[in-house]
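Here the structure comes first, spelled out in structure tokens, and everything after it is commentary.
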Amino acid sequence: MKLSRRVEQLPSQFFASLAGKVAAAIKEGRDIINLGQGNPDQPTPPHIIQALQESVEDPATHKYSPFRGTEELKQAAALFYKREYGVDLDPASEIAILFGSKIGLIELPVALMDEGELMLLPDPGYPDYLSSVPLANVAYSTFPLLEENDFLPDYTALTDEQKKLAKLLYLNYPNNPTGGVATKGFFEDTVALARQNDIGIVHDFAYGAIGFDGDQPVSFLQTEGAKDVGVELYTLSKTYNMAGWRVGFAAGNKDMIEAINILQDHLFVSLFPAVQKAASEALLGDQSCVTALVKLYEQRRNVLIEECKRIGWKVTAPKGSFFAWLPVPAAFTSEEFADYLLTEADVAVAAGNGFGKTGEGYIRVGLLVDDERIREALRRIEKLQLFRK
Ligand SMILES: Cc1ncc(COP(=O)(O)O)c(C=O)c1O
């Protein structure tokens, strides 16, 4: 049967081909160190698993959830934002429960935009932002994130046409793939831009918990006026190693939250209530697991950067997220370099151009294997003699 135009036009998954190459290499019996993927390697903390186990025994959790999620989880999300960021949120009107943040990123344009309206997206950026373009039948244009600007957009470079047509602008800090972080001042400029041009802001805060060197990443919602112009999407996937559980929420602007909720009233009956219960425990329970996780990623980051420097690879340390964005030697394109590392060093990395054309010249490395594997990966790369010490 012929697919709808909407589905036909969905972008192909760039990283599916990387996953295929890695799987084929492993099948050949090669010891591949996979630094290409973004799946947290640590388990969900035991107290969250226990909350799920207890909750699933309660027959009340076997029924349909309230359409828009349980009061308990929305309350927990509001208390979490108050505790972590000092932000006040009304659980009923300023929080929407999501099956992970990915779905919210796609629902927002579907619920808020009409044919031909413009989305402004970061380049490089998380590839799934593009999925909503054909699904919502909207147009998009990108803005570059450059190293010389600490991977923050230069709003003065947006054209009048872009500012006039844009309905939503997407941001993501700590940033996947660059590891860049936002500043208070940058978010203030973002609110001003949104106000002046009537643009809705969508801040993807997937790596909100992961900031290094003692700096907690700033929430967009901490900015004066942020709730007037935008929402922030939070996920439990990374903060609590719950990627497979599919829990997140959107917080902020009432109209944008209501738009998500209306659409979801027709798509889902919210999450399994036992999962919502365990998610509440994650947000409000013991947070020492988060401190330990950030320490683990920071340690891995330090090992990676030290090892890169030791072999003469000139790199910049990421300030947050669990990714490092490393420059490719001049003789290669990003894709050639990623292929070369896979075939010659049995090290898998993600080619930067998979995140957009501004990603050319970089590869993305995930901090999702232990210190010794990171060291081993760099020893293998050292043997290729690509860098001068
Ligand atoms: C930048 C970014 N946003 C959103 C997501 C989606 O996370 P989830 O749907 O698990 O909440 C990811 C996942 O890797 C991500 O890297």
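The values are calculated or read from the model by the stated rules, or taken from the named source; none is laboratory data. The structure presented is a predicted model; accordingly, all values stated were derived computationally and were not measured. Quick reminder, even Gly has a Cβ in these numbers, built from the backbone with ideal geometry, and neighbours come from all protein chains shown. Surface areas here come from the heavy atoms of the whole protein model, side chains and all, with no ligands, DNA or RNA. Shrake-Rupley method; radii C 1.70, N 1.55, O 1.52, S 1.80 Å.
Determine if the stretch 37-55 includes at least one residue that is more than 20 Å from Met242 (Cβ to Cβ), more than 16 Å from the ligand (Cβ to nearest atom) and not small (Gly, Ala, Ser). Among the residues of the stretch 37-55, not one is more than 20 Å from Met242 (Cβ to Cβ), more than 16 Å from the ligand (Cβ to nearest atom) and not small (Gly, Ala, Ser), which makes the answer no. Of everything listed in (1) outside any helix (DSSP H, G or I); (2) farther than 30 Å from Gly285 by Cβ; (3) open to solvent by less than 50 Å² (accessible area, probe 1.4 Å), the single unmet condition for Val87 is (2). Among residues of the stretch 171-196 being in contact with a helix residue (DSSP H, G or I) (Cβ under 7 Å, 6 or more places away or on another chain) and open to solvent by 10 Å² or more (accessible area, probe 1.4 Å), the one that is farthest from Asn353 (Cα to Cα) is Arg195. For Gly38, the stated conditions do not hold, so it cannot be described as more than 19 Å from the chain's Cα centre (by Cα) and not in a helix (DSSP H, G or I). On the stretch given as the stretch 70-110, residues that are in contact with a Leu (Cβ under 7 Å, 6 or more places away or on another chain) and more than 14 Å from the ligand (Cβ to nearest atom) total 10.
Can you name the residue in the stretch 213-243 that is assigned to a helix (DSSP H, G or I) and near the ligand (Cβ under 9 Å from one of its atoms) and, of all such residues, is farthest from Leu79 (Cα to Cα)? Walk me through how you get there before you give the answer.
Restricting attention to the stretch 213-243, the residues satisfying the condition of being assigned to a helix (DSSP H, G or I) are 220-222, 226-229, 236-239, 243.
From what's left, near the ligand (Cβ under 9 Å from one of its atoms): 236-238, 243.
Values: Leu236: 15, Ser237: 19, Lys238: 19, Ala243: 22 Å.
Per the stated criteria, the residue is Ala243.
Residues in the stretch 207-232 that are hydrophobic (A, V, I, L, M, F, W, C) and open to solvent by 10 Å² or more (accessible area, probe 1.4 Å): Ala209, Val218, Leu221, Val229.
Conditions: (1) assigned by TED's automatic domain parsing to the domain that holds Phe322; (2) hydroxyl-bearing (Ser, Thr, Tyr); (3) modelled with pLDDT of 95 or more. Ser65 meets all but one. Number of the miss? Of (1) assigned by TED's automatic domain parsing to the domain that holds Phe322; (2) hydroxyl-bearing (Ser, Thr, Tyr); (3) modelled with pLDDT of 95 or more, only one is false for Ser65: (1). Scanning the stretch 8-47 for residues that are modelled with pLDDT of 95 or more and among the aliphatic types (A, V, I, L, M) gives Ile32, Ile33, Leu35. Answer yes if at least one residue in the stretch 145-156 is open to solvent by 70 Å² or more (accessible area, probe 1.4 Å) and outside any helix (DSSP H, G or I), and no otherwise. Yes: the stretch 145-156 contains one or more residues that are open to solvent by 70 Å² or more (accessible area, probe 1.4 Å) and outside any helix (DSSP H, G or I).
To keep it simple, each residue is scored yes or no on (1) in a loop (DSSP other than H, G, I, E, B); (2) open to solvent by less than 20 Å² (accessible area, probe 1.4 Å); (3) not β-branched (Val, Ile, Thr).
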{"site": "Thr291", "(1), (2), (3)": "no, no, no"}
{"site": "Tyr297", "(1), (2), (3)": "no, yes, yes"}
{"site": "Ile305", "(1), (2), (3)": "no, yes, no"}
{"site": "Lys314", "(1), (2), (3)": "yes, no, yes"}
{"site": "Leu326", "(1), (2), (3)": "no, yes, yes"}
{"site": "Ala338", "(1), (2), (3)": "no, yes, yes"}
{"site": "Leu341", "(1), (2), (3)": "no, yes, yes"}
{"site": "Gln385", "(1), (2), (3)": "yes, no, yes"}
{"site": "Arg388", "(1), (2), (3)": "yes, no, yes"}
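Apart from one condition, Asp160 fits all of (1) open to solvent by 50 Å² or more (accessible area, probe 1.4 Å); (2) on the phi > 0 side of the Ramachandran plot; the exception is (2).
Considered as a group, the residues in the stretch 119-142 that are open to solvent by 20 Å² or more (accessible area, probe 1.4 Å) and not in a helix (DSSP H, G or I) include one that is nearest to the ligand (Cβ to nearest atom), and that residue is Tyr126.
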